[in-house]
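Notes to accompany the following structure.
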């Protein structure tokens, strides 16, 4: 069976400045130098069957009423998704950052 790409998930951000839209240059500068650049510009293929399998088997891992991960078995392989894996894969380097904020 051939893998079918889920196109609606595969939109890629291009952070290029255009002479037609100069009012967006400051936003492009901010995103280009932010920790989110890799997250916005990576071309990660998402396949329909894999996506369907992941969510059909997904489970929350919770400890002391705090969500630690989403894990699922896809094609016989356990796939855990944690804040750490997201930070590492997308090179965000934000694991020491705050995760909660006060209301003040």
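The values are calculated or read from the model by the stated rules, or taken from the named source; none is laboratory data. All values reported here derive from a predicted model rather than from experimental measurement. Cβ sites come from the backbone with ideal geometry, for glycine too, and all protein chains shown count toward neighbours.
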Assuming residue 102 fulfils every condition listed in (1) free of Cβ contacts under 8 Å to residues at least 40 places away in the same chain; (2) part of a loop (DSSP other than H, G, I, E, B); (3) in contact with a helix residue (DSSP H, G or I) (Cβ under 8 Å, 6 or more places away or on another chain) apart from one, which condition is it?
-> (3)
Only one residue in 67, 58 is over 30 Å from residue 31 (Cα atoms) and touching a strand residue (DSSP E or B) at 6+ places or on another chain (Cβ under 8 Å), so which one is that?
-> 58
Residue 10 passes all but one of the listed conditions (1) at pLDDT below 90; (2) within 17 Å of residue 85 (Cβ to Cβ); the exception is number (2)
Any hit, the stretch 62-84, residues being closer than 15 Å to residue 35 by Cα and either assigned by TED's automatic domain parsing to the domain that holds residue 35 or not in a loop (DSSP other than H, G, I, E, B) (or both) = yes
Can you tell me which residue among 20, 35 is modelled with pLDDT under 85 and part of a loop (DSSP other than H, G, I, E, B)?
-> 35
Matching option when the condition is surrounded by 14 or more Cβ atoms within 10 Å (Cβ to Cβ) and either touching a helix residue (DSSP H, G or I) at 6+ places or on another chain (Cβ under 8 Å) or modelled with pLDDT of 90 or more (or both), among 46, 77, 81 = 81
Is it the case that some residue within the stretch 51-58 is surrounded by 11 or more Cβ atoms within 10 Å (Cβ to Cβ) and touching a residue at least 40 places away in the same chain (Cβ under 8 Å)?
-> yes
